[in-house]
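Below is one structure; the comments refer to it alone.
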2 protein chains.
Amino acid sequence: MKVAILGAGNVATHISKALKNSGHSLVQIWSRDYKKGIALASEVGASAILNIEDLNKDVDFVIIAVTDDAIANVASKIPVSASKIIVHTSGSTDLSVLNIHQNFGVLYPLQTFSKDVSLDFSKVPLFVEGINEETQNKILNLAYKLSESVELANSVKRQTLHVSAVFACNFTNYLFTVSQELLEKSGLSFDLLRPLILETIEKTSTKLPVDLQTGPAKRNDRLIINKHLEMLASYPEWQQVYRLISQNIVKST
Amino acid sequence: MKVAILGAGNVATHISKALKNSGHSLVQIWSRDYKKGIALASEVGASAILNIEDLNKDVDFVIIAVTDDAIANVASKIPVSASKIIVHTSGSTDLSVLNIHQNFGVLYPLQTFSKDVSLDFSKVPLFVEGINEETQNKILNLAYKLSESVELANSVKRQTLHVSAVFACNFTNYLFTVSQELLEKSGLSFDLLRPLILETIEKTSTKLPVDLQTGPAKRNDRLIINKHLEMLASYPEWQQVYRLISQNIVKST
């Protein structure tokens, strides 16, 4: 199976490495930023191309791993052919964005990728969608070579997965940044919170989050909530987050 | 060292068990709810008492582990004596709440406790404060018997730790409940997010959260942000959280 990747960001980097390890032939990499394309291509033993139009005719798969709002434009530059399958990797972009092509689909990895943080791709849940059964099966086959965790998901299901992931991952990391900055302003280290954070996560492996809520808002402890809001008075953005989430926890209790 | 505990909730339960394991003599437990006191006392081999006034005269330590707004009232019922040390376990309550007593302090465990989820108390960071050096040293000694991680922290520092913990733990768990409910409404399992959540945490062991932010808001991807806000239109509380945190991430980028 010959694969080309369009993109050289976080997702493209991790998929490229996983493809290399899976024994697939990753032949070409294109990036808007040619230098980044060259860097990634040399890392995984592929060729960097300057223009999307330079894609090899005999490539079986083209994986589009660019920012969501660039997918349609990038897809429009791929030469149309019946033999190629074009997939994108976006959680919240409909399959139909690729419908100028004949065979297309989606390969969505539900994970947070940073270029310079390595991870075991075989544990990354992959969600697959294809425009027709034959195409879908081919994408499934590719996915199974990359990961142990592969499922079908249509565009609606995938979008729910994505928005849930934004809450559980991106927004969680945002909360950690607030904690980190609050601690640093008092000369304290974020490391002090690590046992707490690990336990917060560990607990969810045996119970569901709704059954694990603790804290001042859960107890509707106005005294503490007001004390904390007062402490946060010089940081209105964080104070707003504190107020809103506390209100929501109190309401749901 | 003879210890009594006032309270039978999540914190009281875990401290009682840790005391039992440390070889301290946990002699009495009082709870507002006598039945809960009896249950905990029988679990850790102590006696339950109906009234705080029934505390043994020869107890060395009285640990108050009740909700924050009940501390002052509970403390006022403890017979005043020069030989006893009274401590509370609250992150956001000032040391001075105990100042009707002679020797008092704070033993604040920075962890999330659920009664029925066991944990290794020796890894729980404990923050100690005492009204005078002698008292403080005695509380430190008790703390070192319970945990490997013991530090001094005055009331201001402890309050910063607590508010940071609310963001990193309580609010993070709230975000997980949102994810869980969004997924369940679409017939999907929260388990699908576990690899993502683990990776989100794992990353923070090598890099700081501010350097790890990813997602649509970090990229200021209006297309996806608006799509997600639209998806959340039927859940105004979640939509507000999505909008506010996304705005804050965009601003800080």
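The values are calculated or read from the model by the stated rules, or taken from the named source; none is laboratory data. In this text the structure is predicted, and so the values were computed from the model without any measurement. Counting neighbours? That spans all protein chains shown, and the Cβs are built from the backbone with ideal geometry, glycine included. Accessible surface areas use protein heavy atoms only, side chains included; no ligands, DNA or RNA. Shrake-Rupley method; radii C 1.70, N 1.55, O 1.52, S 1.80 Å.
Some values worked out for this structure:
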{"item": "Residue match in region B:155-167 (condition: touching a strand residue (DSSP E or B) at 6+ places or on another chain (Cβ under 7 Å) and at pLDDT below 95)", "result": "yes"}
{"item": "Matching option when the condition is under 19 Å from the mean Cα position of the chain (by Cα) and within 9 Å of chain B (Cβ to nearest Cβ), among A:Val124, A:Val106, A:Val128, A:Val97", "result": "A:Val124"}
{"item": "Failed item, numbered, when A:Val106 is tested on (1) surrounded by 15 or more Cβ atoms within 10 Å (Cβ to Cβ); (2) without any contact (Cβ under 8 Å) to a residue 40 or more places away in the chain", "result": "(2)"}
{"item": "Close pairs (7 angstrom Cβ cut-off, 6 or more residues apart or separate chains): farther than 11 Å from A:Val3 by Cα in region A:45-64, open to solvent by 60 Å² or more (accessible area, probe 1.4 Å) anywhere", "result": "A:Gly45/A:Lys20; A:Ala48/A:Tyr34; A:Ala48/A:Ile38; A:Leu50/A:Tyr34; A:Ile52/A:Lys77; A:Glu53/A:Lys77"}
{"item": "Every residue from region A:146-159 that is polar (S, T, N, Q) and more than 7 Å from chain B (Cβ to nearest Cβ)", "result": "A:Ser147, A:Ser149, A:Asn154, A:Ser155"}
{"item": "Identity of the residue in region B:112-139, in contact with a Pro (Cβ under 7 Å, 6 or more places away or on another chain) and not in a loop (DSSP other than H, G, I, E, B), that ends up surrounded by the fewest Cβ atoms within 10 Å (Cβ to Cβ)", "result": "B:Lys123"}
{"item": "Hits in region B:91-100 (condition: surrounded by fewer than 24 Cβ atoms within 10 Å (Cβ to Cβ) and assigned to a loop (DSSP other than H, G, I, E, B))", "result": "B:Ser92, B:Asp94, B:Asn99, B:Ile100"}
{"item": "Members of region B:204-253 found to be within 7 Å of chain A (Cβ to nearest Cβ), outside any loop (DSSP other than H, G, I, E, B) and open to solvent by less than 20 Å² (accessible area, probe 1.4 Å), listed by number", "result": "B:Pro209, B:Ile224, B:His228, B:Val241, B:Leu244, B:Ile245, B:Asn248, B:Ile249"}
{"item": "Filter result for B:Glu184 (more than 7 Å from every other protein chain (Cβ to nearest Cβ) and part of a helix (DSSP H, G or I))", "result": "yes"}
{"item": "Listing of helices (runs of 4 or more DSSP H) fully contained in region A:7-83 that carry 2 or more residues being open to solvent by 70 Å² or more (accessible area, probe 1.4 Å)", "result": "A:10-22, A:34-44"}
{"item": "Region A:148-159, residues that are of a type outside the set (D, E, K, R), open to solvent by less than 60 Å² (accessible area, probe 1.4 Å) and in a helix (DSSP H, G or I)", "result": "A:Ser155, A:Gln159"}
{"item": "Subset of region B:229-246 [more than 15 Å from B:Leu182 (Cα to Cα) and touching a residue at least 24 places away in the same chain (Cβ under 8 Å)]", "result": "B:Ile245, B:Ser246"}
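To keep it simple, each residue is scored yes or no on (1) open to solvent by 20 Å² or more (accessible area, probe 1.4 Å); (2) touching a Ser or Thr at 6+ places or on another chain (Cβ under 8 Å); (3) under 22 Å from A:Asn170 (Cβ atoms); (4) within 7 Å of chain A (Cβ to nearest Cβ).
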site: B:Gln102; (1), (2), (3), (4): yes, yes, no, no
site: B:Tyr144; (1), (2), (3), (4): yes, no, no, no
site: B:Leu161; (1), (2), (3), (4): no, no, no, yes
site: B:Ala168; (1), (2), (3), (4): no, yes, yes, yes
site: B:Thr172; (1), (2), (3), (4): no, yes, yes, yes
site: B:Phe176; (1), (2), (3), (4): no, yes, yes, yes
site: B:Phe190; (1), (2), (3), (4): no, yes, yes, yes
site: B:Thr200; (1), (2), (3), (4): no, yes, yes, yes
